[in-house]
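Just below is one structure, and these are the notes that go with it.
The values are calculated or read from the model by the stated rules, or taken from the named source; none is laboratory data. Nothing here was measured: the structure is a model prediction, and the numbers come from that model. Note: ideal-geometry Cβ built from the backbone for every residue, glycine included; neighbour counts use all protein chains shown.
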Amino acid sequence: MPEGKVGDPDPKKLKRLAEDLIDEQNTVTLATCSEGEAWAAPVYYVFMKSAFYFFSDPASRHINEALESGQASGAIHGYAAGWQEIRGIQMTGCIEMLSMGLESAAAIRDYLRKFQFTKELFSSGIALNLDAFTSRFRVKLYKFKPTLVYYLDNSIRFGFREQVKL
């Protein structure tokens, strides 16, 4: 990573800014490519342990392409009324499907906490676990694990972009 310019925030502050943006937003746009054709799909996520957890249809294009190629990229950004307000995260990494276990249970717990409306989509008395989501919506739980992450922030300076470790 190249040395920052005078006045650039230190790596710890950049990590905090990136994590704040992740916490403020609800969707990550995942991008894949197959046979020279790119595809992008926004998904709701929860972020924990340096990864993004989301539900998706196992037959969807972004899942099939990501699992086949072993690669995906992701982008998160908030609303910006002017160029000075543009902040975002650009990532590359991989997607994997999760099965029942402690990791998926924690991800579902956090997902239900972040997206309260999800509970309304189930009948009362049903255990809200991976099987419930799979049978109700025909979805699976996936994890996008970034291997390279850049934080960009025009409030620091126009075109500011720096690698961060989440």
Q | Flag for Val43 being over 14 Å from Pro146 (Cα atoms), of a type outside the set (Asp, Glu), at pLDDT 95 or above and within 13 Å of the chain's Cα centre (by Cα) | A | yes
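From the list Ile95, Ile63, which one is outside any strand (DSSP E or B), of a type in the set (Val, Ile, Thr), farther than 27 Å from Phe160 by Cβ and in contact (Cβ under 8 Å) with a residue 24 or more places away in the chain?
Details: Ile95 fails: outside any strand (DSSP E or B).
Every option except Ile63 fails the conditions.
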Q: Considering only residues that are of a type in the set (Asp, Glu) and modelled with pLDDT of 90 or more, look in the range 105-160 and name the one that is surrounded by the most Cβ atoms within 10 Å (Cβ to Cβ).
A: Asp153
(Q) Criterion first (in a helix (DSSP H, G or I) and under 21 Å from Thr134 (Cβ atoms)) does Glu103 satisfy it? (A) yes
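Is at least one residue of the range 108-131 part of a strand (DSSP E or B) and either out of contact with any strand residue (DSSP E or B) (no Cβ under 8 Å at 6 or more places or on another chain) or within 28 Å of Lys15 (Cβ to Cβ) (or both)? Can you show your working first?
Step one: filter the range 108-131 for residues part of a strand (DSSP E or B), giving none.
No, that holds for no residue.
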